[in-house]
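Here's the structure we're looking at; comments come further down.
The values are calculated or read from the model by the stated rules, or taken from the named source; none is laboratory data. These numbers were taken from a predicted model, which means no experiment stands behind them. With ideal geometry, Cβ positions are generated from the backbone for all residues, glycine too; neighbour counts draw on all protein chains shown.
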Amino acid sequence: MQQPTYYEEVLRKGYSRRDFLKFATMMAAFMGLEGTAIGQVAKALETRRRLPVIWLHFQECTCCSESFIRSSHPIVADILLDQISLDYTETLMAASGFQAEAAMRDTIKRYNGEYILCVEGSVPMEADGVYCMIGGKTAMQVLEEAAEGAKAIIAWGSCACSGCVQAAKPNPTSATPIHKLVKGKPIIKVPGCPPIGEVMAGVIVHLVTFDRIPELDNLGRPKAFYSKRVHDTCYRRPFYDAGLYVESFDDENAKKGYCLYKMGCKGPVTYNACGVTKWNGGTSFPIQSGHGCIGCSEENYWDNGRLYERASSFAGFGIESTADKIGAIALGATTAALLGHAVMTNVRKHKMIYDLEEEGRADEQQLNAEP
């Protein structure tokens with residue numbers, strides 16, 4: 001039996017053509033495509049057969065799957081994820097035990113070289129991998145079996161991309177990210193704890209639309225979503241530039257929405273789409289809710305200092321200094337401007353007085369000179 005297209009599944013689920021086109025438009029926008037590409041996305045979803053996907057879970061908390069199914073558009077969960085679950089994913093598939101294992105083996109055999117392997121979680125390598133066993137096999141054995149015939153691999157979340165909290169020092173299970181274990185396969189890293197649901201959907205829609213992986217940065221992350229720092233798109237950025245900071249979470253500056261850098265915000269060194277795409281249907285993101293960015297999409301963020309302790313310095317946007325120095329410079333510049341204005345005003349006043357005095361003396365001399 002031939003697999004249905006995504007559009008056929010959209011109609012079968014009760015969505016209208018209008019809903020479908022709105023979904024295609026939203027995905028094109030999230031992927032950073034031009035308006036002319038909306039038709040290309042829609043046509044691909046109309047004509048392409050379902051993408052076979054195996055979704056593995058290792059050392060993780062399942063927050064990536066939770067984020068995905070809470071994407072702002074219902075078609076993400078009802079169509080993309082629902083269709084994925086027909087292949088293999090331990091968390092969402094109906095089958096279990098031997099039936100589940102049979103489903104994965106069947107997918108590997110039937111779609112060899114065609115399916116996408118999604119991995120959520122790190123792989124423990126200590127003690128021969130006994131810290132994560134599935135069906136009597138270690139996580140590494142399961143990964144090797146599934147990766148062999150995969151067309152491409154998507155590493156969901158910071159656990160799969162960099163090991164995340166499990167790999168924090170001293171890393172007792174020797175938690176290892178996917179790219180260090182699998183070689184010879186295209187790997188797309190989608191970091192975050194968890195990643196944004198729309199970002200995850202965008203990666204899959206890109207694969208469906210263009211039949212290739214998206215353009216990646218030097219760390220293997222899709223540029224469409226990880227090319228800018230949270231700091232670059234943060235609505236609090238003007239307060240940073242002005243040297244206006246929150247000093248404690250309960251002060252007046254916090255109420256005014258000033259910059260959270262001094263409270264440990266890692267936005268200036270974190271690449272993600274949080275400030276643009278946001279969370280919970282585009283409602284908010286951590287900084288908007290009053291909490292600084294913890295840098296969860298960057299490698300080793302758990303070992304890069306305390307979450308609520310500001311970085312000593314960072315570079316990248318023209319001001320190479322600490323927050324304290326930037327604030328001092330801004331204050332100093334303001335003070336200097338005010339002082340300069342006062343000085344010039346006084347100079348002008350003295351000159352005016354001098355001119356008036358000179359004029360008075362000239363008049364007096366003229367009167368004295370008259371007979």
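Points to keep in mind about this one:
- Segment 93-182 holds helices (runs of 4 or more DSSP H) entirely within its bounds, and those carrying 1 or more residues that are modelled with pLDDT of 95 or more map to 139-148, 157-162.
- Checking each residue in segment 167-185 for being under 15 Å from ASP128 (Cβ atoms) and surrounded by 15 or more Cβ atoms within 10 Å (Cβ to Cβ) picks out THR173, SER174, ALA175, THR176, LEU181.
- Residue, nearest to GLY129 (Cα to Cα), within segment 35-72, restricted to residues that are over 22 Å from the mean Cα position of the chain (by Cα) and among the basic types (Lys, Arg): ARG50
- Filter result for LYS223 (over 26 Å from ARG310 (Cβ atoms), surrounded by 20 or more Cβ atoms within 10 Å (Cβ to Cβ) and charged (D, E, K, R)): no
- Some residue of segment 235-249 being under 30 Å from VAL203 (Cβ atoms) and in contact (Cβ under 8 Å) with a residue 24 or more places away in the chain: yes
- Segment 1-56 - residue that is among the hydroxyl-bearing types (Ser, Thr, Tyr) and crowded, with 20+ Cβ neighbours inside 10 Å and, of those, nearest to THR209 (Cα to Cα): TYR6
- Selection count where residues are within 23 Å of SER162 (Cα to Cα) and not charged (D, E, K, R), scope segment 207-239: 14
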